[in-house]
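Quick notes on the structure that follows.
Just so it is clear, none of the values below were taken in a lab; they were calculated from the coordinates. Small disclaimer: the values here were computed from a predicted structure and weren't measured. Note: ideal-geometry Cβ built from the backbone for every residue, glycine included; neighbour counts use all protein chains shown.
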């Protein structure tokens, strides 16, 4: 698979919020809904399957079927992070991932939430684990009840309410690693589009990404990756039912890398 990346600057933000979809139009997620303003969103309350996130359908902890191995964190590294994590890290990550956010159906913590969370907290042999646990304890102590269908609103509100703890943890990981680290603690959503797909992430560092791909014929997919006012356009010389979910991580690295 060959992609040509070209960075451009655009006006506007991230509007489409998507979950595990296919560029050929087959969604590997639950059904679709639209937010005010005609933006796309994955509706997590339908046909969800239970995952390590442990949430019931309609909660932020549910999973979607068909998530790719490239993004599900089910690698040996992710499993090792969970197995080697101190009990307090495991407990804090379980609290975040397993139904803390409720009463909403759009956006979710993905099936790899616990392993992604543990990986973030035990970076550099756990040098920042204590700060990470304090951060998650603060976030999950906030009210997890959603007041609309968007679970991500609760997530971003908890980050804002615990910004001091979030900043302390992020500063520690930056100092320990020597550079900014893109957090894996993110919420996700997605949808099929007409002859295409969309996949979104909203992460602990306050950044939000959207990847949209369209079948432009002759076996080529044209994609746009956006994060706030930055945009990268690229083409894939193939089409795939899982093109967006398979490439969202590369999208996140290509536009506004961790800093």
message: Order these by the 10 Å Cβ neighbour count, fewest first: 90, 173, 164.
response: 164, 90, 173
query: On average over all directions, what projected area in square nanometres does segment 100-259 have, based on the convex hull of its Cα atoms?
result: 9.9 nm²
- line: With 0.36 nm assigned to each residue of separation and the Cα-Cα distance removed, residue 175 to residue 161 gains 2.7 nm
- prompt: Taking only C-alpha pairs under 8 Å that are 6+ residues apart, what is the relative contact order of segment 121-259 in percent?
  reply: 16 percent
query: Zone of residue 168 (label point 7 Å along Cα→Cβ, backbone N under 18 Å): which residues in segment 103-144?
result: 121-123, 126-142
- line: Quick calc, residue 83 & residue 218: beta-carbon distance into FRET formula, R0 35 Å, rounding 0.05, result 0.15
message: With Kirkwood's inverse mean 1/r over C-alpha pairs for Rh, give me the Rg to Rh ratio of segment 155-201, two decimals please.
response: 1.17
field: Relative contact order [Cα under 8 Å, 6+ residues apart], segment 167-210, whole percent
entry: 27 percent
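Arranged by the count of other C-beta atoms within 10 angstrom, fewest first, what order do 255, 220 take?
Ranking 255, 220 by Cβ neighbours within 10 Å, fewest first, gives 220, 255.
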